[in-house]
Structures are given as structure tokens and as C-alpha cells.
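The values are calculated or read from the model by the stated rules, or taken from the named source; none is laboratory data. Note that the structure is predicted; figures quoted are calculated from it, not measured. All Cβ positions, even for glycine, are placed from backbone atoms using ideal geometry, and neighbour counts span all protein chains on display.
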Amino acid sequence: MNKGNLTRAERIFNLIAPIYGLFHRGLEDNYRKAVAILQEHCPISRETRVLDVGTGTGALAGAFSELTPHVTGIDLSEKMLSSAQRRYRAKARFLKMAAHELDRFEDREFDVVAAAFMLHHYAADYRRQVLRQMKRVARQKVMIIDFIPHQSRLMSFLEALEGSHYREFMADFASDLADVFPSYQVVEFSVSSGVYLCDPE
Ligand SMILES: C[S@@+](CC[C@H](N)C(=O)[O-])C[C@H]1O[C@@H](n2cnc3c(N)ncnc32)[C@H](O)[C@@H]1O
């Protein structure tokens with residue numbers, strides 16, 4: 001993995017954290033719906049242990065924290081994490097940590113391991129490295145919320161500004177998942193996004 005990509009992601013997200021916060025409420029509503037989709041396939045109780053990778057302002061971690069007190073969010077951006085901590089400090093734990101550092105966690109340490117709109121920022125080698133780690137630390141489900149193949153000039157423009165691998169992600173993500181997981185399914189969430197539900201074993 002090119003360390004420059006991580007430094008760039010950290011810099012960009014530190015910069016846009018205040019703007020991202022403006023969309024937080026809407027994201028939280030959407031992620032409640034995504035968690036409800038997950039619950040149709042994987043029961044979540046007060047004992048369920050959840051890891052949210054690239055937690056950002058904590059919207060997905062926050063949605064999970066309404067169901068279980070065992071939620072951990074990790075992110076490499078200090079500013080995104082402080083925003084998450086401000087909102088959910090009492091309900092979830094947040095750690096400054098990059099996605100490829102999941103080797104700090106034990107095998108099957110979490111029941112559900114999730115990532116929302118983080119993986120499309122990276123090329124296939126890093127995406128797959130992270131997916132393998134997410135699979136290793138998950139016991140029940142890996143849930144990815146991210147783009148599904150669609151056409152949007154506006155998104156292409158915005159993602160190009162962020163320097164993400166958005167187009168390549170949409171073309172290749174299905175084969176990333178097929179290579180890493182024994183099985184997975186996609187539930188369409190909007191015209192442009194889906195919930196990818198993956199079985200770790
Ligand atoms: C588009 S935001 C999504 C935030 C949140 N998951 C959401 O959906 O609201 C992507 C987040 O992933 C974080 N991120 C990017 N690359 C990362 C990496 N390699 N490890 C951990 N976090 C990362 C960014 O700092 C940012 O907070």
C-alpha cells in the first residue's frame with residue numbers, strides 16, 4: 001500500500017470533517033435503515049459486538065449503538081473522530097486507527113464488522129487487504145455500505161475531486177467480494193448505493 005494514499009485520505013477527511021458533519025443527521029437516518037436490512041439476515045442483540053471501519057462522524061456506529069452498547073468505531077482522521085466522539089462518546093468507543101491495522105484485533109473479535117463509503121477510496125490491493133482483515137475479525141457478518149454500479153456525472157466529478165477509485169470500485173468490487181468471501185449478497189439501498197452482506201465463513 002502506498003503510504004501517500006493514506007496520508008492524502010487523512011488530510012482530505014480532516015479538511016472536510018466540518019462539511020461532512022452537516023449531513024450527519026440524514027446519514028444516521030439512512031444507516032438505521034441499513035441496519036434494519038442487516039437485521040433481516042443477522043439478529044442484533046445487546047450482546048452483539050460491532051466494529052465500524054472508517055466510522056467518520058459516527059453515523060453508522062450511532063445507529064448500531066441504539067441496539068447494542070458494544071460498538072467500536074475506527075478512523076484515521078482525527079477531525080472525523082472528534083466529531084463522532086462529540087456525538088456518541090457515551091454510547092460507543094472510538095479509536096484512531098487505519099483500516100489495514102485490524103491485525104490489532106483477535107480473530108472473530110466482533111460479531112458484525114461494517115464499513116460505509118470507505119473502501120471505494122482505494123485501489124484493489126488495499127481494498128482486498130482490508131476485506132480480508134474484516135473477514136478475519138468477524139464472526140457473523142461483514143456489512144459494506146457503498147456504491148453499486150450506476151451512472152452519475154455529479155458523483156464522478158465529486159469523487160474525482162476526492163481522488164477516489166470510485167469508477168474502478170464499481171467495476172471490480174463484486175469480484176473483490178467473490179475472491180474474499182465464501183458468499184455474499186447485495187441489497188439495493190438507493191439508485192447509487194447498496195448494502196453488501198458478506199459471510200465470513
Ligand atoms: C466518506 S467517509 C464515510 C464516513 C462514514 N463511514 C459514513 O458513512 O458517514 C470515509 C471515512 O473513512 C475514513 N478513512 C479513509 N481511509 C481510511 C483508512 N485507510 N482507514 C481508516 N479510515 C479511513 C475517512 O477518514 C472518513 O472518515
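Hey, among 177, 161, which residue is at pLDDT below 95 and over 15 Å from residue 74 (Cβ atoms)? Lay out the reasoning, then the answer.
Numbers: 177 fails: at pLDDT below 95.
None of the other options fit; the residue is 161.
Could you tell me whether the stretch 111-119 includes any residue that is buried (at least 19 other Cβ atoms within 10 Å of the Cβ) and over 19 Å from residue 65 (Cβ atoms)? First the steps, then the outcome.
Here is the first cut: in the stretch 111-119, the ones buried (at least 19 other Cβ atoms within 10 Å of the Cβ) are 111-116, 118-119.
Going one step further and asking which of them are over 19 Å from residue 65 (Cβ atoms), we end up with 119.
Yes, that holds for at least one residue.
Condition first: among the charged types (D, E, K, R) and either over 27 Å from residue 45 (Cα atoms) or within 13 Å of the ligand (Cβ to nearest atom) (or both). Now tell me which residues in the stretch 111-129 satisfy that.
125, 127, 128
Looking only at the stretch 40-77, count how many residues are in contact with a His (Cβ under 7 Å, 6 or more places away or on another chain) and within 16 Å of the ligand (Cβ to nearest atom).
Residues meeting the conditions: 3.
Among the residues of the stretch 121-157, how many are under 17 Å from residue 179 (Cβ atoms), in contact with a Phe, Trp or Tyr (Cβ under 8 Å, 6 or more places away or on another chain) and part of a helix (DSSP H, G or I)?
Matching residues across the stretch 121-157 total 4.
Quick one: how many residues across the stretch 65-81 are over 20 Å from residue 35 (Cβ atoms) and surrounded by fewer than 16 Cβ atoms within 10 Å (Cβ to Cβ)?
1
Cβ-Cβ distance below 9 Å, separation of 6 or more or different chains: which pairs start in the stretch 76-105 with a residue that is under 19 Å from residue 63 (Cβ atoms) and of a type in the set (Ser, Thr, Tyr) and end on one that is assigned to a helix (DSSP H, G or I) and away from the ligand (no atom under 11 Å from the Cβ)?
These pairs meet every condition: 83/18; 88/65.
Taking the condition closer than 26 Å to residue 188 by Cα, within 14 Å of the ligand (Cβ to nearest atom) and hydroxyl-bearing (Ser, Thr, Tyr), does residue 88 pass? Working first, answer last.
Details: closer than 26 Å to residue 188 by Cα: no; within 14 Å of the ligand (Cβ to nearest atom): yes; hydroxyl-bearing (Ser, Thr, Tyr): yes.
Considered against the rule, which asks whether it is closer than 26 Å to residue 188 by Cα, within 14 Å of the ligand (Cβ to nearest atom) and hydroxyl-bearing (Ser, Thr, Tyr), residue 88 comes out as no.
Counting only residues that are farther than 14 Å from residue 104 by Cα and within 14 Å of the ligand (Cβ to nearest atom), which one in the stretch 133-147 is modelled with the lowest pLDDT?
147
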